[in-house]
Each structure stands twice: as structure tokens, then as C-alpha cells.
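As C-alpha cells, the structure follows; a few thoughts come after it.
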Amino acid sequence: MRFSVSVLAALLLFTTASAGLTIRESQTSFQLYAYGEGLGGLTLFSAGGNAYLGDYKLLNDSQAAPVLFTTTEDAWLGSPNTTNLPGSDVPTWSHYTLAVPSDQSSSHQVIFLESSSDLASGLVTNCFTFYGTIAFVVTASGKMESLWYAVPSDTEGVYTLKWNDQSGKGVILIIKSTPPSN
């Protein structure tokens with residue numbers, strides 16, 4: 001009887017511990033934030049091309065803005081979050097597709113594509129999912145990977161978002177839909 005109680009207790013503990021970590025279905029819209037050593041919740045932003053992390057104002061580009069994502073069956077689409085943008089200049093890019101380099105690609109840059117017709121070989125767009133609030137890429141074999149890196153850009157305080165970067169210049173990240181607690 002003692003064995004049965006121990007097994008039952010272990011199962012209950014496992015079930016309770018894993019209850020909050022479920023694969024989340026699509027939500028209406030969300031932003032993404034990067035957490036890593038020395039980086040406490042940097043906002044993902046873009047100017048309609050490369051994916052960046054940090055304060056979009058530092059890029060000094062009128063097209064730069066935090067990205068607000070929506071999901072489709074096939075992709076995560078990013079548009080500028082214009083809620084708190086200063087002035088009347090609003091970025092012109094919208095509904096750009098998030099893409100990461102494939103395993104065969106020599107590039108490591110995470111980018112936004114204007115349309116799926118822009119999809120070049122070496123890029124993958126239909127692979128994103130959440131496990132809880134953490135963003136993952138699902139490989140062709142069904143494995144969930146988190147190979148996000150922040151690499152300093154030429155602009156101080158702004159990082160480029162990379163995938164599977166092995167340069168040694170990057171900070172390993174966890175990308176989440178949870179904003180930092182100020």
C-alpha cells in the first residue's frame with residue numbers, strides 16, 4: 001500500500017507542477033520580450049526588416065516600432081504597435097511574417113518578410129509556438145527549440161535578434177510574451 005500512495009503522490013506532484021506549462025493556442029495579439037544574462041525583458045521591435053531588441057527610439061528610424069504579433073495557421077505576423085508612438089508619423093509596414101534561418105542557412109538573422117512570396121530558401125516561417133509564455137521554434141521533426149540570441153548592434157543599447165548564433169558574441173535568450181515587471 002505504501003508503494004501505491006508514493007506513486008499516487010508523485011503523479012499528483014507531476015500533474016500539479018506541469019499544469020501551468022501547456023502549449024498555448026493562438027491569442028488575439030501579443031508582444032515579445034527577451035530575457036537573458038543582463039537583459040531583463042527587452043522589447044522586440046523592427047523597422048520592417050531585421051528583428052531588434054531594446055528601445056526602438058535608439059535606432060533613429062521613423063519606421064522602427066515595437067512589434068505587435070497576430071497568428072495565423074501558418075505564421076506569426078508582425079505589425080507596428082502604434083499605441084505609444086510619438087508624433088503623427090506611423091510606420092508604413094504591416095502584417096510582415098516573422099522568419100528564422102533554417103539549419104542549412106549561413107545567416108543567423110531573425111527577420112520580417114513583407115509577404116510569404118518573399119520567402120527565400122534558408123528561411124522558415126511556419127514553425128512558431130508557445131509553451132506557456134515562452135516562444136519556441138518547432139523543427140521539421142517536431143522538436144521544440146529555443147536558440148534565440150541577442151547580439152549587440154552598431155547602435156548602443158540595441159541588439160539584433162539572432163537564431164542559433166555560434167559567433168560567441170551573443171547572449172542566450174528566452175523569448176516570452178510576458179512583459180518585464182517594472
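Could you tell me whether PRO91 is surrounded by 14 or more Cβ atoms within 10 Å (Cβ to Cβ) and not aliphatic (A, V, I, L, M)? Give the derivation first.
Details: surrounded by 14 or more Cβ atoms within 10 Å (Cβ to Cβ): yes; not aliphatic (A, V, I, L, M): yes.
The answer is yes for PRO91.
List the number of the failed condition for LEU77; all other conditions in (1) assigned to a strand (DSSP E or B); (2) at pLDDT below 95 hold.
Just one mismatch for LEU77, condition (2).
Hey, could you check the stretch 130-176 for residues that are within 10 Å of the chain's Cα centre (by Cα) and among the β-branched types (Val, Ile, Thr) and say which is nearest to TYR33 (Cα to Cα)?
Among those residues, the one meeting the criterion is ILE175.
Can you name every residue in the stretch 104-113 that is outside any strand (DSSP E or B) and touching a residue at least 24 places away in the same chain (Cβ under 8 Å)?
If we filter the stretch 104-113 for residues that are outside any strand (DSSP E or B), which is where we start, we get 104-108, 110.
Correct list: HIS108, VAL110.
Which of the residues spanning the stretch 134-166 are without any contact (Cβ under 8 Å) to a residue 60 or more places away in the chain and among the small types (Gly, Ala, Ser)?
ALA140, SER141, GLY142, SER146
May I ask you to list the residues in the stretch 131-182 that are among the charged types (D, E, K, R) and more than 17 Å from LEU53 (Cβ to Cβ)?
Here is the first cut: in the stretch 131-182, the ones among the charged types (D, E, K, R) are 143, 145, 154, 156, 162, 165, 169, 176.
Listed by number, the residues that qualify are LYS143, GLU145.
Looking only at the stretch 121-169, how many residues end up being part of a strand (DSSP E or B) and touching a His at 6+ places or on another chain (Cβ under 7 Å)? Before the answer, list the steps.
Here is the first cut: in the stretch 121-169, the ones part of a strand (DSSP E or B) are 123-124, 128-131, 134-138, 144-145, 148-152, 158-163.
Checking which are touching a His at 6+ places or on another chain (Cβ under 7 Å) leaves us with 162-163.
So the count comes out to 2.
Among residues belonging to the stretch 50-70 that are closer than 25 Å to CYS127 by Cβ and either modelled with pLDDT under 95 or of a type in the set (A, V, I, L, M, F, W, C) (or both), point out the one that is surrounded by the fewest Cβ atoms within 10 Å (Cβ to Cβ).
Across the stretch 50-70, the extreme among qualifying residues is LEU68.
Please verify whether PHE45 is in contact with a helix residue (DSSP H, G or I) (Cβ under 7 Å, 6 or more places away or on another chain), within 23 Å of TYR149 (Cα to Cα) and modelled with pLDDT of 95 or more, treating the condition exactly as stated. Lay out the reasoning, then the answer.
Working: in contact with a helix residue (DSSP H, G or I) (Cβ under 7 Å, 6 or more places away or on another chain): yes; within 23 Å of TYR149 (Cα to Cα): yes; modelled with pLDDT of 95 or more: yes.
Judged against the criteria, PHE45 is a match.
The values are calculated or read from the model by the stated rules, or taken from the named source; none is laboratory data. Not measured: the values here are computed from a predicted model. Please note: Cβ atoms are built from the backbone with ideal geometry, for glycine as well, and neighbour counts cover all protein chains shown.
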